[in-house]
Every structure is written in structure tokens, then in C-alpha cells.
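To start, the structure under review is shown below, and the notes come after it.
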Amino acid sequence: MLRPINPPGSTIPGISQAMLVESGRLLLLSGHVPFDEEGKVVGDDLVSQLDKVFANLLATLQAAGADFSALARVTIYVRDYDPSQLPTIRAVRDRWIGKERPPASSLVGVASLFLPDVLVEIDAIAVLPDEKP
């Protein structure tokens, strides 16, 4: 259903430059945030919030009958991003998303998110198998 497309030349390790959707149904995942079941922000540091966001993203994927292997694209928004945070962000992401076929990805530093305690938000695009008739 998905095929990574990486042009020759320099690439970023662990990142697909593009994902070709060859078949399937699109699942658009809006901004996932580090909320618990009661709608409260979990954690006050980047690692704990990233882990919660990825857990919430997985719960949504599972509700649709999928997992992280269905991801075609991921965008991570980080409040007050500093380039020194990149190894931490990658380490957490790699615990959740397999490195063998990573989705196309973007990391965007932002001045703020929708609540002052939220440090990270993720949105994504997944591709699910075609439904059988």
C-alpha cells in the first residue's frame, strides 16, 4: 500500500522523503496531544509528553484497525523547539515507529500550542487496506 520514495543523493537517516500511496483508504489524524483519559495534560517534559502523544496516536490507529506501519506522514510540532532536542525527539519516535520503513516526516518548531502546558502535538496521515466487498 505504501512505498518509500527517496531520490538519490543525500538523505536524512531514518526518514522517508516521500511515501507513495499505491492503494488503500486514507485516515487523517488531527493534532494528537498529551492528554490522559480525563483530558488533562500528562507530563511536564518533552519525553513524557511525546510518549503520551504517541500512545494516543496508537490508540486512534488501533481504533481504525491499524498500527504505526500504516503511517504515510507524520508532523511533529514542538513548542519552543531547540535543535539540541532533536536526538531526544528521534529516540522517542523510534521507540514507537519502526525505523525499517519510516513515514515521511516533518518537525516544526512553534512559539506556542493551544494550551501553555502542551509541549508537543502530532498530526499524521495513515493508509488502511481497501475494504473487501
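The candidate values are (i) 45, 37, 30; (ii) 43, 30, 22; (iii) 44, 41, 22; the one derived from this structure for Cα extents along the principal axes in Å carries the label (iii).
When Lys and Arg each count +1 and Asp and Glu each count -1, what net charge do the other residues less than 14 Å away from Gln17, Cβ to Cβ, add up to?
Net local charge, Gln17 excluded: +3.
Per-residue accessible area for Arg90 at 1.4 Å probe radius, Å² rounded to 10? Counting only protein heavy atoms, the figure is 80 Å². Compared with the dominant principal axis of the Cα atoms in the chain, helix 46-63 is inclined by about 40°.
Give the accessible surface of the chain per residue, rounded to a whole number of Å², with probe radius 1.4 Å and ligands, DNA and RNA excluded. Write out the running numbers ahead of the final one.
Details: 7420 Å² over 133 residues.
On a per-residue basis, 56 Å².
Using the Cβ-Cβ distance between Asp45 and Lys99 with R0 set to 25 Å, the FRET efficiency from 1/(1 + (r/R0)^6) comes to roughly 0.60.
Sort Val47, Val92 from largest to smallest accessible area, using a 1.4 Å probe on the heavy atoms of the protein chains.
Values: Val47 55, Val92 0 Å².
Heavy-atom accessible area, descending, gives Val47, Val92.
Relative to the longest principal axis of the C-alpha atoms of the chain, give the angle of the C-alpha long axis of helix 86-96, reported between 0 and 90° and rounded to the nearest 10°. Approximately 60 degrees, to the nearest ten.
By a 1.4 Å probe calculation restricted to protein chains, Ser23 has an accessible surface near 50 Å², given to the nearest 10. Atom-type composition of the exposed protein surface of region 51-133 places 53 percent of the accessible area on carbon and sulfur (1.4 angstrom probe). Applying a DSSP loop filter and a limit of 13 other Cβ atoms within 10 Å to the GluC sites (Glu not before Pro) in region 12-121 leaves Glu22, Glu37, Glu38, Glu100.
The values are calculated or read from the model by the stated rules, or taken from the named source; none is laboratory data. Computed from a prediction, not measured in an experiment: that's the story for all the values here. Heads up, the Cβs are rebuilt from the backbone with ideal geometry, glycines too, and the neighbour counts pull from every protein chain shown. We work out accessible area using only protein heavy atoms, side chains counted, and drop any ligands, DNA or RNA first. Shrake-Rupley method; radii C 1.70, N 1.55, O 1.52, S 1.80 Å.
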